[in-house]
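Here the structure is laid out as structure tokens; the discussion comes afterwards.
Bear in mind these aren't lab numbers, they're just calculated from the coordinates by the rules spelled out. Computed from a predicted structure; not experimentally measured. All Cβ positions, even for glycine, are placed from backbone atoms using ideal geometry, and neighbour counts span all protein chains on display.
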Amino acid sequence: MVFLQVLINGLFLGGVYALISLGLTLIFGVVRVINFAHGEILMISMYASFFCFSVLGLNPYLSLIIVIPGMFLVGILIDQVIIRPIRNAPSYMQIFATVGLSVVLINLALVFFSGDYRSINLAFAKQVVHMGDIGISLSRFIVFISAIVVAWLVWLFLDKTDMGKQIRAIAQDRDAARLMGINPNKIYMITFGIGSAMVGLAGGLIMPLYYVFPSVGAYFVLTAFVVVVLGGLGNMVGALLGGLIIGVIDSLSGFYLDPALKEMVYFVVFLGVLLFRPSGLMGMIGAEEMGLK
């Protein structure tokens, strides 16, 4: 029963990692930008949720009606101001630009919000439903289900809608898509906006579970990159699966070995998987060139 409880806790933690990673894998799969400011976009969304609660009195889940559209606009702004001018530049220029944006956002947060840790105290976030000897955290269960639902909805959007097909076309071959009348800059802008909106959803949902502070993004972003690469670059289902795997490894190693060693354990597993399958668990050979699968 102890093992089952640890396993369930790991799955729920994996849901957090997966939800944060879905926006990152969408942006990379289409825009071809490794966004090192991804964690800071999460930080902004968590602060937005916090102030919606403390100033407007909105429940963090209700604040999503403000946070998600707001982060969509933030994503569009980042794409148009930071990414678009260097879209065709060497990849190291994009890395420098997003790292610089990350540093700027962290320091702006320090200026405006100080380095204090802030949290939302909700009784609901602490509620645990017992099923026999197994305890299930309601707030973590919501995040877990949300990760599955979001991955499914994004897959439907990309597979069934006209806009989704345009996004896939741009991801596969930008020049051929342009010849078919698709505007790449428009698709890149919308994709960056959607990816940032997904991070906004993650920020609002995890706000009752975690403290927010200026460098909180660094706590999640490294794991998010591991999840994205492990699952398969640009693969939504892979990001979900990778998040759950990392969450379970994190929970089991932290409980049975040592909490200080859990990151080392999942990095060893991550490197081991890449040795035998460099494209990731759900990635296809050449997926890094072909985009979303």
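Cα to Cα, under 15 Å, and not fewer than 8 places away if on the same chain: which aspartates and glutamates meet these conditions relative to LYS262?
ASP250
Tell me the volume per residue, in Å³, of the convex hull enclosing the alpha carbons of segment 168-293.
Cα convex hull per residue, to the nearest whole number: 119 Å³.
Given N residues in segment 11-51, what is Rg(Cα) / (2.2 N^0.38 Å)?
Relative to the rule-of-thumb radius for its length, segment 11-51 sits at 1.28.
Mind checking the full-extension length gain between VAL237 and VAL99? Use 0.36 nm per residue of separation minus the Cα-Cα distance, one decimal, nm.
So the chain would gain 47.0 nm between VAL237 and VAL99.
What does the net charge come to around MET93 if you take all other residues with beta carbon closer than 13 Å to its beta carbon, with K and R at +1 and D and E at -1?
+3
Need one number: the % of Cα-Cα pairs in the chain sitting beyond the 29 Å mark.
I get 33 percent for the Cα pairs in the chain exceeding 29 Å.
Which ³J(HN,Hα) values in Hz, rounded to whole numbers, follow from the phi angles of segment 172-177 under the Karplus curve 6.51 cos²θ - 1.76 cosθ + 1.60, where θ = phi - 60° and Gly and Pro get x?
7, 7, 4, 5, 5, 5
Counting other beta carbons within 10 Å of each residue's own, what order do ILE34, ILE41, ILE83 fall into, fewest first?
In order of increasing Cβ crowding within 10 Å: ILE34, ILE83, ILE41.
Counting only the backbone N, which residues of segment 227-269 are under 19 Å from the spot 7 Å out from the Cα of ASP133 toward its beta-carbon?
252, 255-256
Which whole-Hz couplings ³J(HN,Hα) result when phi for each residue of segment 237-247 is put into the Karplus expression 6.51 cos²θ - 1.76 cosθ + 1.60, θ = phi - 60°, listed in order with x for Gly and Pro?
5, x, 5, 5, 5, x, x, 5, 5, 5, x
Once phi is turned into θ = phi - 60°, what whole-Hz ³J(HN,Hα) does the Karplus curve with 6.51, -1.76 and 1.60 give for every residue of segment 96-106, x standing for Gly and Pro?
Taking θ as phi minus 60°, the curve returns 4, 5, 6, 5, x, 4, 4, 5, 4, 5, 4 Hz for segment 96-106.
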